[in-house]
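What follows is a short report on a single structure.
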Amino acid sequence: MADAVSMPSARQTPAQFIVDISTSEVYLSSLNTLDQLDPSRNYFLRGLLPEWNYRFVFGAITPVAIEVAEKHKASPQTAALMGEAMLGAFFLESGTSKAEALKSCLHLEGDGPVRRIISFAGVDGRVRAHAGRPDAAWSGPLEEGKGSGQLKVSRWFSESQVYTSSVEMRALPLAHNLEDYITRSDQIQAFVKLQSEIIKDVPVSIAGCMIQALPDASVNDTVRAADWLEQAWPHLRTGMGPPAGESVPEIHSTPLKVLSVGQFQSYCDCSSERVRNVLRLLGREDMDALIQEQGQIEVHCEFCGKRYAYGVGELDAIFTSGAAE
């Protein structure tokens, strides 16, 4: 088993960094300001490429991915893959025509060593994830961890209204799979970049960017926006501008209108009341059978690791209160 990741948690990331970025709230017009976009930190930006009728989302999630990985004792490779999946869920939530959803879930089910990754994100940057085999390790590229299989996206508009669709997940980088999904299922032109860097068994950078066409985008807008991303991404993902004396005209001449900035945070919405509701749905007869067989009912949250235990007395209270309601 590979050693679990151990690094400072996201809560130790100074908030001042976001304040520094927000001073460029109107336009980031050149790479001289993009040297603030350190992919080892924790933040996201959303906005527009107004000249080309495209929206953009940029995120760096490294400390939060490490925090999540520590909860699951994940290998460095799985930590990076979970980080990219959380970014993917965030891009889907904040960058599509269905952005009014309460939360989005990206579910990867594949034949790679990790087997499964399920990630959630809200538009406010709250994220969570878990992996089928968090301790999995492999020597090849990151996408080998997920392999091929199915990519499924679910969006919650309320607790009872959920929109779900899926596409084939190919044995390619996750960014390509996300582009396939958005183009085929959401029917919107989008370009996605995801990049993870692992040094000495520690993820030191997990970042991504998505640009997505607005309704008025023309074919020429799409060509120019895609070209811009190809030139900008090497600098965005490293937080560095071009070498001294060199310039990238397309990037320097293109203003990014930043609409919002924020920080990612790990969360879990499990609660005793949610578990009680699930037990009520399963029915008293089945719960009594489990109590008789095991002595108590235990429920384990796959995201945060919290355990809920219920004995005969608690079970009586659950079904008595449920009947009263």
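What follows is calculated from the coordinates using simple rules that are stated; it is not laboratory data. This one's a predicted model, so the numbers in the text were calculated from it and none came from an experiment. Here the Cβ is made from the backbone with ideal geometry for all residues, glycine too, and neighbour counts use every protein chain on show.
A few remarks follow.
- Measuring between their Cα centroids, the range 125-165 and the range 63-112 lie 6 Å from each other.
- This model, with +1 at the C-beta of Lys and Arg and -1 at the C-beta of Asp and Glu, gives the range 265-307 a dipole about its Cα centre of some 200 debye.
- Segment ARG284-HIS176, length gained on full extension (0.36 nm per residue, minus Cα span): 34.3 nm
- Cα-based shape type of the range 133-240, given that a ≥ b ≥ c are square roots of the gyration tensor eigenvalues and the cut on a/c is 1.5: oblate
- Listed residue pairs exceeding 20 Å between alpha carbons, taken from LYS152/LYS306; LYS146/LYS193; LYS73/LYS200; LYS73/LYS306; LYS152/LYS257; LYS146/LYS200: LYS152/LYS306; LYS152/LYS257; LYS146/LYS200
- Shape call, the range 272-324: gyration tensor on alpha carbons, a/c limit 1.5: oblate
- GLN161-ALA226 FRET efficiency (beta carbon distance; Förster radius 30 Å; 0.05 resolution): 0.30
- Residue exposure sequence - GLU67, GLU285, GLU144 - by fewest surrounding Cβ within 10 Å: GLU285, GLU144, GLU67
- When every Cα-Cα distance of the range 181-236 is counted in 5 angstrom steps from zero, the calculated P(r) takes the values 4, 16, 23, 19, 16, 9, 7, 4, 2, 0 percent.
- For the range 155-170, 3J(HN,Hα) per residue [Karplus equation, 6.51 cos²θ - 1.76 cosθ + 1.60, θ = phi - 60°, Hz, x = Gly/Pro]: 10, 9, 9, 7, 5, 10, 10, 10, 9, 10, 8, 8, 9, 5, 9, 8
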